[in-house]
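Inspection log for the structure reproduced underneath, given as structure tokens.
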Amino acid sequence: MAESDFSYVKFSRQSWYRDINARLVEKSGVGPGNKVVDLGCGAGLVTRLLLERLKGARNGMVIAIDYSSAALSQARDEMGNAWVNAGQFVQGRAEQVSELVKERVDAVFFCNAIHLV
């Protein structure tokens with residue numbers, strides 16, 4: 001398995017994992033119209049929670065970034081069509097965020113990715 005070919009899908013499907021991340025997203029105050037980066041998005045659980053908070057609002061977007069091509073592929077599959085108009089998936093490292101995202105954003109989430117630091 002290549003360094004960029006890993007996924008945390010099983011871990012991200014744990015109910016406590018979803019609950020704790022849902023609380024973090026809720027407390028953030030992001031909502032319709034915000035542009036948000038999900039740095040170290042993994043299998044996309046936080047990405048999905050953020051997209052739900054945007055509720056398809058115009059000008060809202062989630063940019064999901066992860067180094068793992070397998071994780072990004074899984075995240076895309078998990079999102080189905082939910083991300084088409086309000087999501088963008090980018091492969092890259094966390095330390096490259098200023099190169100990967102050129103536009104202004106309202107928030108950057110870095111949940112459950114301490115292993116990348």
Problem - Residues of segment 44-65 classified as under 8 Å from the mean Cα position of the chain (by Cα) and of a type in the set (A, V, I, L, M), total - result: 7
Problem - Residue check, Gly31 open to solvent by less than 70 Å² (accessible area, probe 1.4 Å) and on the phi > 0 side of the Ramachandran plot - result: no
Practice task
Residue by residue through segment 52-92, note down the ones that are farther than 14 Å from Gly42 by Cβ, among the basic types (Lys, Arg) and surrounded by fewer than 18 Cβ atoms within 10 Å (Cβ to Cβ).
Solution key: Lys55, Arg58
Practice task
Name every residue in segment 68-117 that is modelled with pLDDT of 90 or more and among the aromatic types (Phe, Trp, Tyr), in order of residue number.
Solution key: Phe89, Phe109, Phe110
Exercise for the section: Evaluate the following for Val46: is it buried (at least 22 other Cβ atoms within 10 Å of the Cβ), more than 15 Å from Asn112 (Cβ to Cβ) and at pLDDT 90 or above? Expected result: no
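The values are calculated or read from the model by the stated rules, or taken from the named source; none is laboratory data. All values derive from a computational prediction rather than experimental measurement. Cβ coordinates were reconstructed from backbone atoms using ideal geometry, including for glycine residues, and neighbour counts include every protein chain displayed. Note: areas computed on protein heavy atoms with side chains; ligands, DNA, RNA excluded. Shrake-Rupley method; radii C 1.70, N 1.55, O 1.52, S 1.80 Å.
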